[in-house]
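Trainee: Pasting a structure below so you can have a look.
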Amino acid sequence: MSRICGQQVVRWSLRLSPSLALKSAARAEQNARQFAFACRMLCSHAHESQTSRASAQQHGSELTLRILLDLGFTETQAEQVYEGVTRSLGKRSTTHDTSTITALLALGLNSSSIVKVFDKCPALYTEKGAVVQQRMQNLCKLGLVEGSIQRVISYRPQILTLPAKKVNAAVQYIRTKCLFTAQQMRDILRDSPEVMEEDLKHLELKFQYAYFRMGVKQAEMVKAKLFKVSMEELRCRHCFLERRGFYQTPDKKGQTLIVNPKLKDFLFTPEDVFLSQFAMATKEELDMFRKLIAREDEEKGKMLEYGDIEEDKEEDEGEEDLTDFRRGNMGHMGYERNKRKR
Amino acid sequence: MAVQTNTRVLLNKVRGILQFIQKRHRVKTKWAATSPKLSATDLALQNHDVMYNMQLGELWPSVRVGLLTEQKYGALVNNFSCDDTVMYLQSLGCQDFIASSLHMEGSKAADSVIPPYSESLQFDQPIEGTYTDLTRASISPNVKCFVFPKGDISRFKPARPDSCGYLSYYLMDAASVLPVLALNVQKGQSVLDLCAAPGGKTLALLQTQAIRFLWANDWSGSRMSRLQRTLKSCLPSELCSEDNLCITSLDGRKWQEVGENGTFDKVLVDVPCTTDRHSLVEEDNNIFSRSRTKEKQSLPLCQTQLLLSALQAVRVGGEVMYSTCTLSQLQNQCVVEQAMSLAKEELGISAEVVDLQPFTALFQDTFYFAPDMNVGVMVLPHLTANFGPIYFCKLRRLS
């Protein structure tokens with residue numbers, strides 16, 4: 001049965017891309033035990049019946065400690081994975097298959113990083129191997145090359161639990177709304193895959209803040225790994241610098257009276273470096289400022305909300321046709337409201 | 001003959017002014033659409049950046065962020081209110097900065113706290129104990145002003161009328177109580193408030209409950225009515241009788257015409273200035289708007305005239321408190337020095353600057369005082385104690 005796992009490793013490697021397969025084969029060579037095992041499985045178990053093979057190919061093979069050991073996990077690793085699987089799947093299904101693990105192996109991840117991946121994202125245990133495989137292919141298609149895809153998955157395995165459609169939609173959204181080039185989008189996906197899980201409206205807001213309020217261009221945003229930082233932190237650091245007189249919003253020609261510090265310099269530095277090199281302030285001051293700016297934003301947000309409500313009211317009163325027309329934009333809300341009225 | 005020459009001269013002049021230039025020779029000015037539109041608050045910020053960067057140097061960024069962020073308020077307790085305001089304010093978690101600094105031991109007050117602007121601050125030399133004690137004793141115990149402790153950003157609720165119909169406290173910049181405290185009004189003295197509106201300092205003066213007679217004056221009628229409203233909402237009517245309180249709306253610069261010269265024990269002049277914090281926030285009626293440039297430029301002159309009036313109004317041996325809410329040296333130290341020299345040369349009034357260092361030493365853990373001030377005292381805004389800016393300087397009339 002474990003032969004099938006080996007087969008899957010090789011087959012999926014081939015399906016992913018020929019270069020990847022070679023690479024993974026090369027890697028497997030390094031991992032001699034694993035490779036030998038895979039070959040042994042392919043050759044020796046010829047007597048197994050055709051039907052069981054077919055069914056196993058569909059669902060992967062049943063997961064046991066033995067198979068995990070055979071796949072190259074050490075004993076402790078195998079136990080850890082096995083425990084995780086039984087815990088997350090519970091007693092709902094009696095058989096667990098190895099397809100997800102084999103898919104990850106096919107990608108070229110070694111056993112220890114697979115354990116880490118499962119640690120980070122236990123939800124991955126319940127995903128079907130074929131689906132995971134398909135999502136990986138999708139990521140490849142989006143431009144993640146050999147090397148970066150492995151890094152993305154070991155850094156943020158949650159990306160494999162997202163449907164490919166959703167990932168594609170998010171990528172499309174960011175590219176159309178924020179006008180990133182394909183290369184920049186690839187870099188964003190590589191550096192901060194967590195954007196795929198975020199609320200896209202928030203992402204757009206963060207982009208617009210950086211673009212219009214701070215006057216930063218797309219290329220610099222990608223370099224600064226803007227999407228890794230929360231909106232609050234971005235706003236706090238920018239406003240602190242601005243109000244201290246060390247940052248100016250460029251005019252439409254991109255000119256400022258002072259030389260602005262680079263976004264990538266002050267956004268990702270630790271707080272003490274930020275304070276001593278860019279803001280020239282004490283920690284006390286920044287802490288106070290963080291509190292104050294949070295309250296300022298909160299109050300502004302409240303005012304905006306009230307504004308929205310008022311707008312909605314106006315719409316309700318006057319132009320019913322307009323709300324009908326806008327339904328597409330507003331999602332279900334407008335539709336439901338109209339329905340209730342009737 | 002004379003008439004003829006006059007007309008000739010006139011004609012020449014007119015020709016000079018109304019020289020006709022043909023259209024094709026006229027320089028066409030650029031349309032304003034391309035020039036950037038700057039709001040008055042932006043202009044104010046630019047002006048501050050240039051002026052105060054030179055003046056304050058490394059302190060300016062901290063002051064700037066303080067000015068641009070929300071200011072901190074103090075609640076001046078109304079002693080005439082029927083409710084127990086002190087208990088209520090204490091339950092909010094704030095404390096009376098005046099009482100707490102008075103009760104602190106002299107040595108402790110001077111040493112324990114290191115203010116952020118302290119690098120060049122000259123509080124190191126020990127202040128003589130008796131001197132500090134004297135200062136402490138002279139501060140009126142009736143004025144209570146509550147503030148939230150450092151690092152606390154909670155706000156006071158707007159005061160509501162209590163059971164007797166008076167407001168229990170009045171919200172104002174806590175630093176503007178300092179000039180009133182430093183003026184140090186004694187029992188039975190008569191006080192003139194030359195620029196009283198909108199009434200915060202006047203109310204603080206009245207809270208000392210030591211004044212025999214207070215004359216509150218402000219040139220602007222509308223601001224005066226605001227002062228009257230404030231006083232009415234805080235004071236019982238018997239205190240506002242004509243014997244105790246006189247409210248007028250005269251031009252303070254022409255005070256000598258009133259004829260009340262050399263009669264007051266104390267005079268407070270809180271002059272109009274380029275209110276630094278306010279002009280960065282409020283677009284309406286901003287002093288930095290282009291239409292008020294002339295007015296802005298003539299401010300130091302107006303301030304000098306007001307201070308001169310005050311020096312005339314005070315009796316010999318009496319004291320004048322000059323205060324502004326700007327950081328600008330031109331409107332602070334320069335005005336004081338100018339007024340003192342003018343008073344000596346033209347009016348024959350000599351005055352001396354009273355040293356306020358023992359006074360500021362008492363409050364240095366609540367406020368941040370600017371270091372290296374030759375004349376007077378300045379409270380700088382800072383994020384952890386966002387009061388001010390306030391400048392005040394005490395003068396004593398010698399002759």
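Trainee: Can you name the number of the only condition in (1) in a loop (DSSP other than H, G, I, E, B); (2) touching a residue at least 40 places away in the same chain (Cβ under 8 Å) that B:Ser190 fails?
Mentor: (1)
Trainee: I've got another one for you. Only one of (1) assigned to a helix (DSSP H, G or I); (2) more than 9 Å from chain A (Cβ to nearest Cβ); (3) at pLDDT 75 or above fails for B:Pro61. Which number is that?
Mentor: It fails just one condition, (2).
Trainee: Looking only at the stretch B:41-50, count how many residues are open to solvent by less than 50 Å² (accessible area, probe 1.4 Å) and either within 11 Å of chain A (Cβ to nearest Cβ) or free of Cβ contacts under 8 Å to residues at least 40 places away in the same chain (or both).
Mentor: Qualifying residue count for the region: 3.
Trainee: In the stretch B:141-156, which residues are open to solvent by less than 30 Å² (accessible area, probe 1.4 Å) and either touching a Gly at 6+ places or on another chain (Cβ under 6 Å) or within 14 Å of another protein chain (Cβ to nearest Cβ) (or both)? Steps first, answer last, please.
Mentor: First, the residues of the stretch B:141-156 that are open to solvent by less than 30 Å² (accessible area, probe 1.4 Å): B:143, B:145-148, B:151, B:156.
Correct list: B:Cys145, B:Val147, B:Phe148, B:Gly151.
Trainee: Every residue in the stretch A:219-229 that is assigned to a helix (DSSP H, G or I) and open to solvent by less than 30 Å² (accessible area, probe 1.4 Å), please.
Mentor: Let us first name the residues in the stretch A:219-229 that are assigned to a helix (DSSP H, G or I), namely A:219-224, A:226-228.
The answer is A:Met221, A:Val222, A:Ala224, A:Leu226, A:Phe227.
Trainee: Among the listed residues B:Phe387, B:Phe363, identify the single one that is out of contact with any Asp or Glu (no Cβ under 9 Å at 6 or more places or on another chain), open to solvent by less than 10 Å² (accessible area, probe 1.4 Å) and within 25 Å of B:Val65 (Cα to Cα). I'd like the intermediate steps shown before the answer.
Mentor: Numbers: B:Phe387 fails: out of contact with any Asp or Glu (no Cβ under 9 Å at 6 or more places or on another chain).
After ruling out the rest, the residue left standing is B:Phe363.
Trainee: May I ask you to verify whether B:Asn53 is more than 9 Å from chain A (Cβ to nearest Cβ), open to solvent by 40 Å² or more (accessible area, probe 1.4 Å) and out of contact with any Leu (no Cβ under 7 Å at 6 or more places or on another chain)?
Mentor: Details: more than 9 Å from chain A (Cβ to nearest Cβ): no; open to solvent by 40 Å² or more (accessible area, probe 1.4 Å): yes; out of contact with any Leu (no Cβ under 7 Å at 6 or more places or on another chain): yes.
Considered against the rule, which asks whether it is more than 9 Å from chain A (Cβ to nearest Cβ), open to solvent by 40 Å² or more (accessible area, probe 1.4 Å) and out of contact with any Leu (no Cβ under 7 Å at 6 or more places or on another chain), B:Asn53 comes out as no.
Here's the yes/no breakdown for (1) under 19 Å from A:Ser112 (Cα atoms); (2) at pLDDT below 90; (3) open to solvent by 50 Å² or more (accessible area, probe 1.4 Å):
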residue	(1), (2), (3)
A:Glu127	no, yes, no
A:Leu139	no, yes, no
A:Gly143	no, yes, no
A:Ser148	yes, yes, no
A:Arg151	yes, yes, yes
A:Ser154	yes, yes, no
A:Gln172	no, no, yes
A:Glu194	no, yes, no
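Trainee: On to the next question. List, please: which pairs have Cβ atoms under 8 Å, are six or more places apart or on different chains, and start with a residue in the stretch A:153-173 that is part of a loop (DSSP other than H, G, I, E, B) and end with one that is basic (Lys, Arg) and open to solvent by less than 60 Å² (accessible area, probe 1.4 Å)?
Mentor: A:Leu162/A:Arg135; A:Pro163/A:Arg135
Trainee: Shifting gears a bit: Considering only residues that are at pLDDT below 90, closer than 30 Å to B:Ile349 by Cα and in contact with a Lys or Arg (Cβ under 8 Å, 6 or more places away or on another chain), which ones fall in the stretch B:222-273?
Mentor: Once the filter is applied, which keeps residues that are at pLDDT below 90, closer than 30 Å to B:Ile349 by Cα and in contact with a Lys or Arg (Cβ under 8 Å, 6 or more places away or on another chain), the stretch B:222-273 yields B:Asn244, B:Gly262, B:Thr263.
Trainee: Scan the stretch B:321-329 and give yes if some residue there is over 26 Å from B:Asp96 (Cα atoms) and surrounded by fewer than 24 Cβ atoms within 10 Å (Cβ to Cβ), otherwise no.
Mentor: For the stretch B:321-329, residues over 26 Å from B:Asp96 (Cα atoms) and surrounded by fewer than 24 Cβ atoms within 10 Å (Cβ to Cβ): present.
Trainee: If we only count helices (runs of 4 or more DSSP H) wholly inside the stretch B:287-398, which ones have 3 or more residues that are in contact with a helix residue (DSSP H, G or I) (Cβ under 9 Å, 6 or more places away or on another chain) and under 30 Å from B:Glu257 (Cα atoms)?
Mentor: Fully inside the stretch B:287-398 and qualifying: B:299-313, B:333-342.
Trainee: Here is a further query. Tell me yes or no: at least one residue of the stretch A:89-98 is in a helix (DSSP H, G or I), β-branched (Val, Ile, Thr) and modelled with pLDDT under 80.
Mentor: Within the stretch A:89-98, the subset in a helix (DSSP H, G or I) is A:89.
Next, only the ones that are β-branched (Val, Ile, Thr) stay: none.
For the stretch A:89-98, residues in a helix (DSSP H, G or I), β-branched (Val, Ile, Thr) and modelled with pLDDT under 80: absent.
Trainee: With the requirement that a residue be part of a loop (DSSP other than H, G, I, E, B), within 11 Å of chain B (Cβ to nearest Cβ) and not polar (S, T, N, Q), what does the stretch A:230-261 give you?
Mentor: Result: A:Gly245, A:Phe246, A:Asp251, A:Lys252, A:Lys253, A:Leu257, A:Ile258.
Trainee: While we're on this one: Quick one: in the stretch B:61-90, of everything that is of a type in the set (A, V, I, L, M, F, W, C) and open to solvent by less than 10 Å² (accessible area, probe 1.4 Å), which residue is farthest from B:Ala370 (Cα to Cα)? Don't jump to the end; show me each part of the working.
Mentor: Let us first name the residues in the stretch B:61-90 that are of a type in the set (A, V, I, L, M, F, W, C), namely B:63, B:65, B:67-68, B:75-77, B:80, B:82, B:86-87, B:89.
So of that shortlist, the ones also open to solvent by less than 10 Å² (accessible area, probe 1.4 Å) come out as B:63, B:65, B:67, B:75-77, B:89.
Details: B:Val63: 10, B:Val65: 16, B:Leu67: 15, B:Ala75: 24, B:Leu76: 24, B:Val77: 27, B:Leu89: 29 Å.
Step by step, filter the stretch B:61-90, then rank; the result is B:Leu89.
Trainee: For the stretch B:138-177, give me each residue that is of a type in the set (Ser, Thr, Tyr), touching a residue at least 60 places away in the same chain (Cβ under 8 Å) and more than 20 Å from B:Ser91 (Cα to Cα). Please lay out each step first, then the result.
Mentor: Of the stretch B:138-177, the ones of a type in the set (Ser, Thr, Tyr) are B:138, B:140, B:154, B:163, B:166, B:168-170, B:176.
From what is left, the residues that are touching a residue at least 60 places away in the same chain (Cβ under 8 Å) are B:140, B:154, B:163, B:166, B:168-170, B:176.
Listed by number, the residues that qualify are B:Ser140, B:Tyr166, B:Ser176.
Trainee: Quick test for you: out of A:Met196, A:Met214, pick the one residue that is touching a Lys or Arg at 6+ places or on another chain (Cβ under 8 Å) and hydrophobic (A, V, I, L, M, F, W, C).
Mentor: Details: A:Met214 fails: touching a Lys or Arg at 6+ places or on another chain (Cβ under 8 Å).
It is A:Met196.
Trainee: Separate question: Tell me yes or no: at least one residue of the stretch B:215-235 is out of contact with any strand residue (DSSP E or B) (no Cβ under 9 Å at 6 or more places or on another chain) and among the acidic types (Asp, Glu).
Mentor: Just the residues of the stretch B:215-235 that are out of contact with any strand residue (DSSP E or B) (no Cβ under 9 Å at 6 or more places or on another chain), to begin with: B:219-223, B:225-226, B:229, B:232.
Right, trim to among the acidic types (Asp, Glu) and you get none.
Among the residues of the stretch B:215-235, not one is out of contact with any strand residue (DSSP E or B) (no Cβ under 9 Å at 6 or more places or on another chain) and among the acidic types (Asp, Glu), which makes the answer no.
Trainee: Also: Among the residues of the stretch B:77-94, is any of a type in the set (S, T, N, Q), within 25 Å of A:Arg295 (Cβ to Cβ) and either in contact with a Phe, Trp or Tyr (Cβ under 7 Å, 6 or more places away or on another chain) or in a loop (DSSP other than H, G, I, E, B) (or both)? Don't jump to the end; show me each part of the working.
Mentor: Quick first cut of the stretch B:77-94, residues of a type in the set (S, T, N, Q) only: B:78-79, B:81, B:85, B:90-91.
Filter once more, so that each one left must be within 25 Å of A:Arg295 (Cβ to Cβ): B:90-91.
Then drop every residue that is not either in contact with a Phe, Trp or Tyr (Cβ under 7 Å, 6 or more places away or on another chain) or in a loop (DSSP other than H, G, I, E, B) (or both), which leaves none.
So far as the stretch B:77-94 goes, no, none of its residues is of a type in the set (S, T, N, Q), within 25 Å of A:Arg295 (Cβ to Cβ) and either in contact with a Phe, Trp or Tyr (Cβ under 7 Å, 6 or more places away or on another chain) or in a loop (DSSP other than H, G, I, E, B) (or both).
Trainee: Just checking, which of B:His25, B:His48 is at pLDDT below 90 and not hydrophobic (A, V, I, L, M, F, W, C)?
Mentor: Numbers: B:His48 fails: at pLDDT below 90.
The match here is B:His25.
Trainee: Is there a residue being within 23 Å of B:Ile349 (Cβ to Cβ) and among the acidic types (Asp, Glu) anywhere in the stretch B:274-281?
Mentor: Going residue by residue through the stretch B:274-281, those that are within 23 Å of B:Ile349 (Cβ to Cβ) are none.
Scanning the stretch B:274-281, I find no residue that is within 23 Å of B:Ile349 (Cβ to Cβ) and among the acidic types (Asp, Glu), so the answer is no.
The values are calculated or read from the model by the stated rules, or taken from the named source; none is laboratory data. Just so we're clear, the structure is a prediction, and the values are computed from it rather than from any experiment. Every residue, glycine as well, gets a Cβ built from its backbone with ideal geometry; the counts of neighbours run over all protein chains shown. Surface accessibility is based on the protein's heavy atoms, side chains included, excluding ligands, DNA and RNA. Shrake-Rupley method; radii C 1.70, N 1.55, O 1.52, S 1.80 Å.
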